[in-house]
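> Just passing along the structure, written as structure tokens.
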Amino acid sequence: MTGSSGTAVEAGVAGYRPLLFSIAYGMTGSVGDSEDIVQDAFLGLTRAGLAGTDIAAPKAYLTTAVTRLGINYLGSARVRRETYVGNWLPEPVVVTGDGADGPVEHAELADSLSMAFLVLLEALSPVERAVFMLREVFGYGYPEVAAATGKTEANCRKIFARARQHLAEQGELSDSAPVAERRAEGQELARRFFDAADGGDLDALLGMLAPDVVLHGDGGGKAMALATPVAGRAGVMRMLVAGFRRTRSLGGTVRAALVNGRPGLITYDDQECVLSVVGLDIADGVIHAVRAVANPDKLGHLGPVSDKGLLPQKKRVDLKED
């Protein structure tokens, strides 16, 4: 790459962008910040090429840059999340039937980067998260993980073992990508589930919810959402039916989607502005968790965001002060 133009440098490695975005998103849980991190990594590669530096392994260079930028990001993000209002959920990566709601690279995220898995990863330190992501999710060998994180191979092995044990104590680790049949089954269950919620069919909803189902909401103190999770069939059913009724009262619509590789939907107001994104965790033929993101700061990458679900300004201030 010595002496290459900036355009030539990036053109030669453009195919790595989906992988790099996935690594950055797995580290940050933020679509916008992941895109910025990937762009910064490409800019660094371009500058190195223009300066005459011979980059023998551009993929490794970019992976290292994205990983270390992600570690730095998490160091500051932890401070912000300690004061986050309500439940924190990742920015959803959404793909509708026509693929129109996001770049193709976003649709290629590993199914292991579910919202539930990303929330679980919040328990890890930045370096633990980087090591675990590269090794467990993306299958990097320890030499590559060590190079990307700046740690020794022996240290990376210890970090990975510690992180895996820590996550195993909290819940299930991410599984492999669902086979096509399982995904189709999940989407059919999701369709029936949302139809039942929209129609207020409580009997039908009851049969599709696990006894210990939990509803999580993320409004970030800016939009109407649950302050704390709701557990149990009865409470979850009431909240879901009320949510659909409210969407319809606004003249809104819903659109089926894949949310981080899982069945879900997007809700819109009467002006086709995004109100929320809802994702489902499905296992053994029933729904175990529902995650709804209404924080407007996490929906802007999907298009214009509705102001009809926002809390009054004073209420937002009161929530933050509490």
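The values are calculated or read from the model by the stated rules, or taken from the named source; none is laboratory data. The shown structure was predicted, so the numbers you read here are calculated from the model rather than taken from an experiment. Don't worry about glycine lacking a Cβ; one is built from the backbone with ideal geometry, like all the others, and counts go over all protein chains shown. Calculation scope for accessible area: heavy atoms of the full protein, side chains included, ligands and nucleic acids excluded. Shrake-Rupley method; radii C 1.70, N 1.55, O 1.52, S 1.80 Å.
> In whole percent, what relative contact order does the stretch 190-305 give with Cα contacts below 8 Å and a gap of six or more residues?
So the answer I get is 27 percent.
> Can you compute the charge dipole magnitude of the stretch 222-296 about its Cα centre, using +1 on each Lys and Arg Cβ and -1 on each Asp and Glu Cβ, nothing else charged? Give it in debye, rounded to the nearest 20.
200 debye
> Report, to two decimal places, the Cα Rg of the stretch 132-280 normalised by 2.2 N^0.38 Å (N = number of residues).
Its radius of gyration relative to the 2.2 N^0.38 Å reference: 1.34.
> Along the charge dipole of the stretch 186-238, which of Ala223, Ala210, Gly235 sits closest to the positive end, that is, farthest toward it, with unit charges on the beta carbon of Lys, Arg, Asp and Glu (+1, +1, -1, -1)?
Ala223
> Next question. Let's test the formula: R0 of 30 Å, r as the Cβ-Cβ distance of Asp270 and Leu202. What FRET efficiency results, to the nearest 0.05?
After rounding to 0.05, the efficiency reads 0.65.
> Any chance you could run the full-extension gain for Asp40 through Thr83? It's 0.36 nm times the residue separation minus the Cα-Cα distance, nm to one decimal.
12.7 nm
> Continuing with the same structure: How much area per residue is accessible in the stretch 213-259 when the probe is 1.4 Å and only protein heavy atoms are counted (Å²)?
I get 45 Å² per residue for this part.
> Given a 1.4 angstrom probe, I'd like the percentage of the accessible area of the stretch 229-269 that is carbon and sulfur, rounded to a whole number.
59 percent
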